[in-house]
Each structure stands twice: as structure tokens, then as C-alpha cells.
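*Asks:* The structure follows.
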Amino acid sequence: MKVYGANKSDIIGAMKSGNVTIAVYGLGKMGLPLAAVFADCGARVIGADVSPEVVASINRGECHVVGEPGLAGLVAKNTAAGRLSATSDMVDAAKQSDVMVILVPTFLDADKNPDMSIVESVCKNIAQGLDKGDLVIQESTVPPRTTHDIILPLLEGSGLSCGEFGVAHCPERTSSGRAIEDIRGAYPKVVGGIDESSTQAAAAIYSVINSKGVIPVTDATTAEAVKVFEGLYRDVNIALANELAVVCDEIGISAIETFDVANTQPYSHIHKPGCGVGGHCIPVYPYFITKTVKSDTRLLTLAREINDGMAGYTVELVRRGLGEVGVELKDANVLVLGVTYRGDVKETRCSPALSIIDILKGECRVVFAYDPLFGDDVRQFGAEPRRLDDVGDIDAVVIAADYEEFREIEWGELRLRHRVLVDGRNVAEGDKFIGDGFVYKGIG
Ligand SMILES: NC(=O)c1ccc[n+]([C@@H]2O[C@H](COP(=O)([O-])OP(=O)(O)OC[C@H]3O[C@@H](n4cnc5c(N)ncnc54)[C@H](O)[C@@H]3O)[C@@H](O)[C@H]2O)c1
């Protein structure tokens, strides 16, 4: 059923009874969970992806995305029921569908300018299969105004005009490891159309899958800004916490204790400090603003600089810690724990651990790494693999990601050559190391 211009209850009824066909472009960490949830709620879903391996595995009922609780079961169930299939024929997927959802990667180029080329290429594909009454939903994170200034004109390349089809931006606000839970309703879906009918049609569709409902906003640009600003808020506030943590170190107090107590006042929300900000969201989105607007955005730029600088500060803590046991960094073997940007999530994009490894490589004797999700593959990041039961020649350990496994380490039992621990994620409790003869340096 065509949804643009239809009334809400008709759209909801058609979707639940399998009479709305939805194409989801991009079956990655975010696209596959969304496609599976749409199918599980009754829609007929065609996943469209350029990767033949991804398409083939989904058509076999298999799930290539790891670490997403509940996803494999949903993919198996809904492919078996005939509600979920995949194709690499982008144009045909659009021709067969009433709703086309774009959820492909958005990047920065070498100069940190937003690179929307994949979104643009998908829009050109969709334009070739666009019909009157279709609704195109853009979920990829993009700089504000992208839907209006780039996506809409590309879709009008179909020969149809705005008003004959709908377009909305409905940002994906989840994060890896909790996608199904979030999509189904950890918080409401933000929906902003290029016109009222687009907003209404998108709101009806998401009301079927999200138990927390929908927040309709004035337009697509507002919806784009909501998503980008969520990330900027985190980046700037983490930068504040990091700067204050360095100050606390200088004046000899615990930042963690100070922040916790300050935050008992309801207007104070000081974030957690750490060895950097990673992933492909928070460190990327500031550039979606700083590189696209003329306004003064010094605060965003400075926050990026501060957060990127934490990897160097972490290495300085290693140097200081080693100095306290009489070892120079250039003579030391350093073990980095965790190469991912977040513990228990296999994602290394913009990971601070990789910056720490890069800096250490030029400064210490040998840099080793251990990550529960990578094993010997840590070599690809320039570090030698090493396990925690083989640390006799290690002079310093850096915790760079907050894996649950690292919280369980019996530090007193590790047979390190020198007991220097730099905790970049506040995983270990500093006090308990003093008795074990450790030099402990935390960030905060
Ligand atoms: N992963 C997250 O935690 C997260 C959270 C919120 C928002 N987002 C946003 O979601 C979007 C997608 O991110 P992701 O993590 O799912 O990416 P991903 O890299 O996991 O997956 C992207 C998928 O798109 C496919 N693809 C690439 N080019 C294509 C094309 N031209 N046509 C069709 N498919 C194509 C790839 O083969 C891949 O399967 C990004 O804009 C990202 O910013 C991601």
C-alpha cells in the first residue's frame, strides 16, 4: 500500500498485515536490526546491500552482524516466514517497495569534510524505482539540511516532484550492542518530514515498531540536528571532564570523587573522563557542523582537540609511572588492554587505543596489545599480541577499553617485570593496587 498521503490507521493496519513493502538500504550493524524488526512487526521487507556475501547470508536466514542480542533469532524467524529477504538489485528493491529506508555509512574524507557519497548513490538508485505515493526515509546520520538540499533534489531526478512522494529524516539513535532493544522502544523515534504528509506517514510506520512512540518535529532539518547535537553534547561534555581530570591531577585530588559529589547538585552533570572518544559517531559528528556552517564553532573544534589529545596524555602518564620505578619509556615494553573504542563491542573506528598504540610505537621499546575480541589479529593495529598469563617482560599496562573481563583481573597475581598501571577507563580501583606494589595512574 502506498503510504504517502494515507491516513495513520490505514498505514498501521497495512503494515501489520504485510501490505506495506519496505526496502532497507544498507544491512550493516544498524540496517539489519531495523529490517528484522520491521519484518517481525508484519511488514514485507527487502534488504538492499552492495555486498553479495551479506545478501546471500541473509537469504540463508543467517546473521552476519555479531554482538547484537536477539538479532540472529529475528533474522532466522523472519526469513523463514518469507517476510525478510535481501537483494543487491537496488533499483528493483525500490520498484517493489512503498517505503525506502536509507541506512548506509556516512564518513569524513581526509580533510574531515562530510562524505555523503554513499547516501547520494543510494538516492540515485531509489530515484530510478520511485513511484507516486512512496515515502523515502533517511536514517543515516547526516549534516543538517542534507535531506532538503541533497536528498530531495536527487529523488526529484526521478521526474516526480516533492508532494508526489514523501521524504523524512528519522535518525537512527541507537548504539551497537543494544540495537533491537532501542529500535523497539528504549526511547521515542524522532521523525521530521519535508512536509506534513511525510511526517505523518513516517510517524505511523515507526509507531508500529517503537513502543515509546514518536516525536514529530517541525521538519527534516530539525530531526537531522537532533541526532547530530546528541553527539556534540557528549563530545563537548567529555572534553570538559577530560580537561578537569587533568587539572585534578595537577592539584592532587581525585576527579572521579570530585565529579561524583558535584553531580549531587541537580544542575551538574559532569561526564566521565578517559583516554579519548572513539567510534564512528561522537568523534565524527562535530565535523558535520564545523565543516558545514559559517557560524563560530570554536567550542566544538576545541572539544575535539582536547579529546584527541587524551591519547598523548595517557602516554605521558605511562612515562611518569615508569619514571617512578626508574625505567625510561624508550626501554619499556608496554601492554595495551583493549583495542576497541568501547569494551565488549568489536568496533575500532576512531578508537583511542589505536592512537595510544601509534604514539607508543614511536616512544617505547615494544608495544603489545590484548583484546578479548581480536586475539592475534591485534597485529593489524601495529601491536604485538600478548596474553595476560605471559607478562614477565612487561613494564607497564594501559587499560584503553572498558571490557568486563578487565574488571575481573587479579592484578596482584600478574607477574609483571614492573608494576605500572595506567587506567584510561576507570576500570580498576586505584587504592587496591597500592598494597600490591603498583604505581597506579588513573585518568581522574
Ligand atoms: N553503528 C552505530 O552504532 C550507529 C548508531 C547510530 C547511527 N548510525 C548511523 O547509521 C548509519 C549506518 O551505520 P552502520 O553502523 O549500520 O554501518 P555498517 O558499516 O555496519 O553497514 C553499512 C552497510 O551498508 C552497505 N552499503 C554500503 N554501500 C552501500 C550502497 N551503496 N547501497 C546499499 N548498501 C550499501 C554495506 O555493505 C554495509 O552492509 C551511519 O550513518 C551511522 O552514522 C550508526
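The values are calculated or read from the model by the stated rules, or taken from the named source; none is laboratory data. Remember, it's a predicted structure, so these values are computed and weren't measured experimentally. No Cβ is skipped: glycine too gets one built from the backbone with ideal geometry, and neighbour counts run over all protein chains shown.
*Asks:* Looking only at the range 71-104, which residues are surrounded by fewer than 16 Cβ atoms within 10 Å (Cβ to Cβ) and either under 24 Å from residue 284 (Cβ atoms) or under 26 Å from the mean Cα position of the chain (by Cα) (or both)?
*Replies:* 73, 88
*Asks:* On to the next question. Pull up the range 213-263, narrow it to residues that are in contact with a helix residue (DSSP H, G or I) (Cβ under 8 Å, 6 or more places away or on another chain) and of a type in the set (Ser, Thr, Tyr), then point me to the one that is surrounded by the most Cβ atoms within 10 Å (Cβ to Cβ).
*Replies:* 221
*Asks:* Scan (1) more than 19 Å from residue 30 (Cα to Cα); (2) without any contact (Cβ under 8 Å) to a residue 40 or more places away in the chain; (3) of a type outside the set (Ser, Thr, Tyr) for the single condition residue 73 breaks and write down its number.
*Replies:* If we test residue 73 against (1) more than 19 Å from residue 30 (Cα to Cα); (2) without any contact (Cβ under 8 Å) to a residue 40 or more places away in the chain; (3) of a type outside the set (Ser, Thr, Tyr), just (1) comes out false.
*Asks:* Another question about this same structure. Just checking: which of the strands (runs of 3 or more DSSP E) contained wholly in the range 131-244 hold 2 or more residues that are in contact (Cβ under 8 Å) with a residue 40 or more places away in the chain, more than 14 Å from the ligand (Cβ to nearest atom) and within 23 Å of residue 27 (Cβ to Cβ)?
*Replies:* Passing ranges, in order: 166-169.
*Asks:* Just give me the residues in the range 11-35 being away from the ligand (no atom under 16 Å from the Cβ) and either outside the structural domain of residue 184 (by TED's automatic domain parsing) or not charged (D, E, K, R) (or both), in sequence order.
*Replies:* Residues satisfying the conditions are 11, 12, 13, 14, 15, 17, 18, 19, 20, 21.
Results for (1) free of Cβ contacts under 8 Å to residues at least 12 places away in the same chain; (2) surrounded by fewer than 23 Cβ atoms within 10 Å (Cβ to Cβ); (3) out of contact with any helix residue (DSSP H, G or I) (no Cβ under 9 Å at 6 or more places or on another chain), shown as yes or no for each residue.
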position: 266; (1), (2), (3): yes, yes, yes
position: 272; (1), (2), (3): no, yes, no
position: 316; (1), (2), (3): yes, yes, yes
position: 323; (1), (2), (3): yes, yes, no
position: 339; (1), (2), (3): no, no, no
position: 355; (1), (2), (3): no, yes, no
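*Asks:* I'm trying to understand the selection: among the residues of the range 96-119, which are touching a Leu at 6+ places or on another chain (Cβ under 9 Å) and more than 9 Å from the ligand (Cβ to nearest atom)?
*Replies:* Selection gives 98, 99, 100, 101, 114, 115.
*Asks:* Counting only residues that are surrounded by fewer than 21 Cβ atoms within 10 Å (Cβ to Cβ) and more than 11 Å from the ligand (Cβ to nearest atom), how many does the range 45-62 have?
*Replies:* Residues meeting the conditions: 5.
*Asks:* Kindly provide the set of residues from the range 288-321 that are aliphatic (A, V, I, L, M) and not in a helix (DSSP H, G or I), ordered by number.
*Replies:* Matches in the range 288-321: 293 only.
*Asks:* Further question: Looking at the range 321-345, which of its residues are out of contact with any strand residue (DSSP E or B) (no Cβ under 8 Å at 6 or more places or on another chain) and within 18 Å of residue 427 (Cβ to Cβ)?
*Replies:* Selection gives 340, 341, 342, 343, 344, 345.
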